[in-house]
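The structure under discussion appears below in the form of structure tokens.
The values are calculated or read from the model by the stated rules, or taken from the named source; none is laboratory data. Keep in mind that what you see is a predicted model, and the values were worked out from it rather than measured. We place every Cβ from the backbone using ideal geometry, glycine too, and count neighbours over all the protein chains shown.
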Amino acid sequence: MYKQYEDADPEETQEWIESIESALQEHGAERARYLLEKLIDFAERKGARMPFNTNTPYINTIHSFEQEPFPGNRKIERKIKSLVRWNAMAMVTKANKETDGIGGHISTFASSATLYEVAFNHFLKGPEHPNGPDMVYFQGHASPGIYARAFLEGRLTEKQLENFRRELSPEGGLSSYPHPWLMEDFWQFPTVSMGLTSITALYQARFMHYMEDRNIIEKTGRKVWAFLGDGEMDEPESLGAITLAPREKLDNLIFVINCNLQRLDGPVRGNGKVIQELEGTFRGAGWNVIKVIWGTDWDRLIEKDSTGALAKRMEEVVDGELLKYVVAGGAYIREHFFGKYPELLNLVKDYSDDDLWHLRLGGHDPEKVYSAYAEAVKTKGKPTVILARTIKGYGLGETGEGRNITHQQKKLNEEELLHFRDRFDIPLSNEETIKAPFYKPPDDSEEMIYLQERRKSLGGYLPARNTSSIKLINPKVDIFNEALSGYGERTLSTTMAFVRLLSKLVKDPDVGKYIVPIIPDEARTFGMDSLFRQIGIYAHTGQLYEPVDSDQFLYYKEAKDGQILEEGINEAGAMSSFIAAATAYSNYGVNMVPFYIYYSMFGFQRIWDLIWAAGDMRARGFLLGATAGRTTLNGEGLQHQDGHSLLAAAATPNIKAYDLTYAYEIAVVIKEGIKEMFQDQKDVVYYLTLENENYVHPKLPDDIEKDIIKGMYKIRSTEKPVLRLLGSGPLMGEVLAAAELLEKDWNIKPGIWNVTSFSELRREAEETERWNLINPDKKYKKSHLEKCLSKNKVPTVAVSDYVKMVAEQISPYVPGKYYALGTDGFGRSDTRENLRHFFEVDRYYIVLKAIRALEYDGKIDKSIAEKVIKKYSIDPNKPSPITV
Ligand SMILES: Cc1ncc(C[n+]2csc(CCOP(=O)(O)OP(=O)(O)O)c2C)c(N)n1
Ligand SMILES: [Mg+2]
């Protein structure tokens, strides 16, 4: 390294350098590396402590003499790239000229055009490739460039480009960012919530190994490519999971980080060097790191740097200053970069200021980018990250290139358009240019023929999402029999009932193999350890040790073909695995059925953004929030007790959420979920809350299966309706007890309903109401809720172990006054009984609420409520659970 410029004994230093030089010349780099490692090892053993350093010098990892030759036609590829650049820029400019403020990004793709074009022309395998397509995660806000290329390829029309960010226009438009939900046969991976690309791509690559190791798919060398921004790498999810990749030997994974050194507001690391920082982090984690910093123009200077002054200067200059060079011109660069040392000034004495300003950087040099990709795809046993230095807003002229405001630039003025046209040789007249038209050469032009041939030889166009349908054989009906027929006198929790069902499902001869149980280190909590032995925990390397419990029947069994994904304490990673499995139907053409079971509180609250992305990605699978319910999980307290995930679930468009009471409900819902997602091919995710309270589970009553799915079924009706009680999940027990008290102590007999899903009831009621609104000429339709409750305007009291808003979702659609009891506020640790009393959802509060509801309706006298309070010792001075 060049940090210690002062040398106590230069002669001695020179001797050492010469020795290594001769080793390099005579025996090559491998031998030189060996010698250096030996020396370091020796010095360290003798007490010379080496400073820890994960960095290499600030130069390209691949030296010019090691470069794989570029096989393409540079001239034609430049033409194509220029056209893609132009159309991408024109698309955003037009959209914003027409509708000011519609937004879009020009400068990001301008910086990464070469990174994408080299990949498209030489590396990314398409859907018809015999080995199967690569999976490509595009940097979300580089979408204009990806659309522009698809336009040249003939996949998108001019009209579609015109309607960029105008998806509601009658002819259809293009979504702002990659959204499979909105462009289902185009985009595969939603990437624009920064941080999610890295972690989901990592687990996608890992899931590919899982599918190969379990012999569900063949190993054909498919790759996962993730194109990322350097600013985006600051998200904890971007770096938080990177150690997984070397550990799992994911040589199918390639990250390409577009290091334009800028994010939205300014530099990523003004006072440091983001490329070096990322290199250190990735190398430390065990990745193959390829830095592509300098273009071919710099090679000559680097070769001539006999004094090491250039290397030293490259090392010391910070990103903030490097960014200044982009905008300040050649004279400034000569003075401030090269002017620091006389040897450096001398090095560039033959260069004009203009030459200095236009020395090309690595990420804009196709030959450098090509050789990095070529090495990445050949690398065995570990993942590769390419750190490519680029310029944000490259080619946008003096107002846009490299400026801090460049990210916000949404259109080009006339002068800038003309400059852009000249810089990239777009064959348009001045008159045409200023209208920013889309431009596509004739199909028989050399560049169009080249572009089509390249994609054809790589297996067709990308991005492309596979929408072809595949059918899954039904699980055998008898799998569900046990849960449906109840467990007699035996008490058990819904979690246990679910686990019993899951262990039967994995044994099903047709479906079992495709079930993917995913757990973040809570299998024992949920009583799932029996599955360890039964189906094994997936481990790419198998089990290299004898587990401490090997003498036990249920030992911790890891296996190469293990079925369980045990992700450790890592909900974000586990959810990323879920996403990979839940979209395998599209990415691999195989229906995998993930069951991701986790501590309910650490689901929606912690990783909702990933769940949202799963929705966008059209995931299909089961999420199971176990140890759910604010008062049902009793000892754990505030940070563990989930009383609101159902609210988040209700707000996520394709989540079907259920809070279930009895084992038969679980069986009915899972059976239906498998049918809906894996036979009817609907893009929904089922979310079930599961609890750990033990109670008796009866047999499935007749004819209620459809009602369970719709969200509500009748437990008991009364001859003369006076009052309704709605119970949900484990609090059904309190509702039933309250009904008994009402009858015994107060001679009131309520009707009782079990609500399996407030959100499904609400959705259907809302949809029905909408239909009625816009169809005044048609016969009035009734929602399930209305059909169940008729027009009976008796008061309703609904109880759940969640915040009141969960039950209140249906209140606009319930005839009569509606009252919800719920568990708003921070949790506490105590017994279930005390907690339910504290949160005012126990049987006594339910009775009180019911009595008061009748009183408000003028049905009974106020004095009764006073008696209720007295009889059940309800303390009016008890602290409120909702005030903080
Ligand atoms: C989680 C999240 N936060 C903020 C944003 C808004 N955003 C969009 S682009 C951007 C800057 C991106 O910088 P960088 O990753 O360096 O990409 P570049 O455009 O420089 O290639 C920001 C902050 C986002 N998309 N996602
Ligand atoms: Mg950036």
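To keep it simple, each residue is scored yes or no on (1) touching a residue at least 24 places away in the same chain (Cβ under 8 Å); (2) in a helix (DSSP H, G or I).
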site: Gly527; (1), (2): yes, no
site: Phe532; (1), (2): yes, yes
site: Asp549; (1), (2): no, no
site: Gln552; (1), (2): no, no
site: Tyr555; (1), (2): no, no
Revision key, fill the gap. Within the stretch 254-284, of all residues that are more than 13 Å from ligand 1 (Cβ to nearest atom) and of a type in the set (Val, Ile, Thr), the one nearest to Asp234 (Cα to Cα) is Thr281
Check your understanding: Can you tell me which residues in the stretch 647-665 are small (Gly, Ala, Ser), closer than 17 Å to Tyr802 by Cα and in contact (Cβ under 8 Å) with a residue 40 or more places away in the chain?
Key -> Ala648, Ala649, Ala650, Ala657
Exercise for review: Evaluate the stretch 818-828: report whether one residue or more is among the basic types (Lys, Arg), closer than 30 Å to Ser645 by Cα and in contact (Cβ under 8 Å) with a residue 60 or more places away in the chain.
Suggested key: yes
Revision key, fill the gap. Within the stretch 105-119, residues being buried (at least 24 other Cβ atoms within 10 Å of the Cβ) and more than 20 Å from Leu396 (Cβ to Cβ) number 1
**Study point:** Test: Gly172 is touching a residue at least 12 places away in the same chain (Cβ under 8 Å) and over 17 Å from Trp612 (Cβ atoms)
**Key:** yes
Point to revise | the stretch 387-431: number of residues that are away from ligand 2 (no atom under 14 Å from the Cβ) and either in a helix (DSSP H, G or I) or at positive phi (or both) | key: 15
Point to revise | Qualifying residue in the stretch 53-74 (condition: within 16 Å of ligand 2 (Cβ to nearest atom) and within 30 Å of Glu212 (Cβ to Cβ)) | key: no
Review point. Among Glu212, Glu218, Glu184, which is away from ligand 2 (no atom under 16 Å from the Cβ) and either crowded, with 24+ Cβ neighbours inside 10 Å or part of a helix (DSSP H, G or I) (or both)?
Key: Glu212
Practice item. Working only within the stretch 696-713, note down all residues that are outside any loop (DSSP other than H, G, I, E, B) and over 23 Å from Tyr686 (Cβ atoms). Key: Val696
Check your understanding: Out of all the residues in the stretch 341-380, which are of a type in the set (D, E, K, R) and more than 22 Å from Lys291 (Cβ to Cβ)?
Key -> Glu343, Lys349, Asp350, Asp353, Asp354, Asp355
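To keep it simple, each residue is scored yes or no on (1) part of a strand (DSSP E or B); (2) at pLDDT 95 or above.
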position	(1), (2)
Tyr598	yes, yes
Met601	no, yes
Gln605	no, yes
Ile611	no, yes
Ala619	no, yes
Leu623	yes, yes
Ala628	no, yes
Thr631	no, yes
Gly635	no, no
Practice item. Return the residue satisfying two criteria in turn: it lies in the stretch 602-615 and is buried (at least 24 other Cβ atoms within 10 Å of the Cβ) and over 10 Å from the mean Cα position of the chain (by Cα), and of such residues it is farthest from Met528 (Cα to Cα). Key: Phe604
**Study point:** Residues within the stretch 222-281 that are under 23 Å from Ser107 (Cα atoms), touching a residue at least 60 places away in the same chain (Cβ under 8 Å), among the small types (Gly, Ala, Ser) and more than 9 Å from ligand 2 (Cβ to nearest atom), tallied
**Key:** 2
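Mind checking which residues of the stretch 192-206 are within 16 Å of ligand 1 (Cβ to nearest atom), within 13 Å of Ala572 (Cα to Cα) and touching a helix residue (DSSP H, G or I) at 6+ places or on another chain (Cβ under 6 Å)?
Answer for the stretch 192-206, where residues must be within 16 Å of ligand 1 (Cβ to nearest atom), within 13 Å of Ala572 (Cα to Cα) and touching a helix residue (DSSP H, G or I) at 6+ places or on another chain (Cβ under 6 Å): Gly195, Leu196, Ser198, Ile199, Thr200.
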**Study point:** Residue check, Ala32 over 17 Å from Thr114 (Cβ atoms), of a type in the set (A, V, I, L, M, F, W, C) and surrounded by fewer than 15 Cβ atoms within 10 Å (Cβ to Cβ)
**Key:** no
Revision key, fill the gap. Across (1) under 27 Å from Ser176 (Cβ atoms); (2) more than 16 Å from ligand 2 (Cβ to nearest atom), His364 clears everything bar (2)
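Can we say Leu124 is more than 16 Å from ligand 1 (Cβ to nearest atom), touching a strand residue (DSSP E or B) at 6+ places or on another chain (Cβ under 8 Å) and in a loop (DSSP other than H, G, I, E, B)? If you could, list the steps in order and put the result at the bottom.
On the way: more than 16 Å from ligand 1 (Cβ to nearest atom): yes; touching a strand residue (DSSP E or B) at 6+ places or on another chain (Cβ under 8 Å): yes; in a loop (DSSP other than H, G, I, E, B): yes.
Yes.
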Practice item. Would you please name the residue that is farthest from the chain's Cα centre (by Cα), looking only at residues in the stretch 208-244 that are within 12 Å of ligand 1 (Cβ to nearest atom) and of a type in the set (Gly, Ala, Ser)? Key: Gly231
Exercise for review: Restrict the check to the stretch 142-152 and report whether at least one residue is charged (D, E, K, R), more than 19 Å from the chain's Cα centre (by Cα), buried (at least 17 other Cβ atoms within 10 Å of the Cβ) and more than 16 Å from ligand 2 (Cβ to nearest atom).
Suggested key: yes
